[in-house]
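The values are calculated or read from the model by the stated rules, or taken from the named source; none is laboratory data. All of these numbers come straight from a predicted model, not from anything done at the bench. Positions of Cβ are generated from backbone atoms using ideal geometry, with glycine treated the same way; all protein chains shown enter the neighbour counts.
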Amino acid sequence: MFDHSPDELSAFEFTESTVPVFVSMPHSGLGLSSVIADQLSVPAMGLPDTDWFIPELYDFLDELGIGRIQANYSRYVIDLNRPLDDEPLYESKTTGLFPDILFDGAPIFNADSLHGSEQREEHHQWCKDTLWVPYHQKIDDELARLHNQFGHAILFDAHSIAARVPMLFEGKLPDFNFGSNEGLACADNMLPALEGVIAQSAYSQVSNGRFKGGYITRSKGRPEEGIHAIQLELSQDTYLQDSVVGKGLHSFKLDPVKLDIIQPLLKKLLRALVDVEPNMT
């Protein structure tokens, strides 16, 4: 046996909603199990593919009565937005349940690491049992509670990504990338409510483009049952300073000027979801 989690991090942080909207933050975690921490390549040590500062971006949720679930572990330990069977979500290149490459194609793990040895399966099972299953069960429980109380529940899956990731998509990503699994994950009046907010701003947007919603959106959204899900993949150009590279690591910092512009818009988005009355299917 080996020590998986020396700091004894919980799988997630959680607060209940008092409105029918709930926010998931599966990729903002920075925690590492000891196994993963000991194996990371130098470029991966800075956790460059993190959805940086998502909790800070949405620090207004309590004011709106919106609860959240926030993962504590990095996606390099396990990707909570992938299915347990690791079936690919997109036909184009992507990363899986247990990523082994960065978004730039570089390896996450050292060539001489134990990743792939006899310890690999034990660690993967620990990740599934201790991190993935509790995270998804908590989402299911909260959505069921909200549906019982309000007659419907809406999950907003909050993500961000670099504006340019050649391995995943060509060119520059729009600022706001909404995904509803091609309309299958939510009532048909929900995306227009969000699109209308962004249309009044200077930001670009697309719905169900390169990002149509990951496993969380696709599996939780069941509009025929009154449970709806939408993913937002926000371009990090909208709120981060330009990344600085030093000693092979990227440094990511919030841009206070950008934050003052983008955060009120995010607040309008979430308020729009609270106010929307889903179309019956």
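Data table
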| read-out | value |
| --- | --- |
| Leu102 within 19 Å of the chain's Cα centre (by Cα), more than 22 Å from Ala11 (Cβ to Cβ) and surrounded by 15 or more Cβ atoms within 10 Å (Cβ to Cβ) | yes |
| Number of the condition not met by Leu97 [criteria: (1) touching a residue at least 40 places away in the same chain (Cβ under 8 Å); (2) assigned to a loop (DSSP other than H, G, I, E, B); (3) crowded, with 19+ Cβ neighbours inside 10 Å] | (1) |
| Residue count for the range 40-84, restricted to those that are under 18 Å from Thr130 (Cβ atoms) and not in a strand (DSSP E or B) | 12 |
| Residue check, Ser24 in contact with a helix residue (DSSP H, G or I) (Cβ under 9 Å, 6 or more places away or on another chain), buried (at least 21 other Cβ atoms within 10 Å of the Cβ) and within 14 Å of Gln236 (Cα to Cα) | no |
| Residue under evaluation Val257, criteria (1) more than 30 Å from Glu142 (Cα to Cα); (2) crowded, with 21+ Cβ neighbours inside 10 Å; (3) β-branched (Val, Ile, Thr), criterion not met | (2) |
| Count of residues meeting criterion [assigned to a loop (DSSP other than H, G, I, E, B), modelled with pLDDT of 90 or more and either under 21 Å from the mean Cα position of the chain (by Cα) or surrounded by 14 or more Cβ atoms within 10 Å (Cβ to Cβ) (or both)] in the range 106-130 | 1 |
| Gly171, sole failed condition from (1) touching a residue at least 12 places away in the same chain (Cβ under 8 Å); (2) at positive phi; (3) surrounded by fewer than 21 Cβ atoms within 10 Å (Cβ to Cβ) | (1) |
| Single residue of His159, His152 found to be crowded, with 21+ Cβ neighbours inside 10 Å, at negative phi and at pLDDT 95 or above | His159 |
